Amino acid sequence: MAPSSSNYDRRAKTVLENFTIRVLTRLKWFRTHRVTEILMSDLPKKMTEALDNYYNLYNILVAGMYRGVIAELGEEKGAKVMRRAFHESGKIFGEMSDFTKQSGPPDAKAFAEAHAAGTNYYGYQSELVSGATSKKAIVRFHRCPILETLKPLGINVCDVYAQEADAGCAEFVNPKLKLTVTKSLARGDPYCEYVFEVKD
């Protein structure tokens, strides 16, 4: 018995609907994944731009504080206050660090390794120099976002004050850990060089 026209139409409609659903599903999958792929490929650039903007804002705030303090107190007293402020900021960083959760204070190598990794997160380009020991370790900075932002403004907090923050952090987590800055981008050297040493 031949199928009725209505049954044939229903089956044809069902086949067409199923086919359409499969096509639309594949198209949706392609579009979703293609858009995701495009967004993900652009994500590192967007994140870098966002972080750079954040660092620039932070550095501009530092510049504003510097100018305000110097204008209010003068160069000599203002510089003393700025050094103290950066040093205290470093101690706060140290207080918030994971080192406070450890059983004992970090040695020079452990602190320098963490310092290099942490500063890279904040937009610096730093490296731990090979040959580090528990007594002495060196970190070199090939890029400093503070200097890049503030140098065009004629402000040099990087060389004069910013190192105080690193010294304060080291001092807080290990009172015997001292910082000496032997090279500086702000002074025209090819990199900043931080020497961390445990002093007995």
**Output for region 67-82, where each listed residue is basic (Lys, Arg) and in contact (Cβ under 8 Å) with a residue 12 or more places away in the chain** = 67
**Fill in**
Restricted to region 40-72 and to residues being among the hydrophobic types (A, V, I, L, M, F, W, C) and modelled with pLDDT under 75, the residue farthest from residue 151 (Cα to Cα) is 40
**Message:** Can you tell me which residue is modelled with the highest pLDDT among those in region 73-90 that are small (Gly, Ala, Ser) and more than 28 Å from the chain's Cα centre (by Cα)?
**Reply:** 74
**Request:** Spot the failing condition for residue 134; the list is (1) hydroxyl-bearing (Ser, Thr, Tyr); (2) out of contact with any helix residue (DSSP H, G or I) (no Cβ under 6 Å at 6 or more places or on another chain); (3) over 28 Å from residue 81 (Cα atoms), and only one is missed.
**Result:** (2)
**Prompt:** In region 115-174, which residues are of a type in the set (Phe, Trp, Tyr) and within 15 Å of residue 190 (Cα to Cα)?
**Reply:** 124, 141
**Asked** Quick one: is residue 108 surrounded by 15 or more Cβ atoms within 10 Å (Cβ to Cβ) and without any contact (Cβ under 8 Å) to a residue 60 or more places away in the chain?
**Response** no
**Extreme residue, surrounded by the most Cβ atoms within 10 Å (Cβ to Cβ), among residues of region 79-99 that are of a type in the set (A, V, I, L, M, F, W, C) and over 19 Å from residue 64 (Cα atoms)** = 99
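The values are calculated or read from the model by the stated rules, or taken from the named source; none is laboratory data. Remember, it's a predicted structure, so these values are computed and weren't measured experimentally. We place every Cβ from the backbone using ideal geometry, glycine too, and count neighbours over all the protein chains shown.
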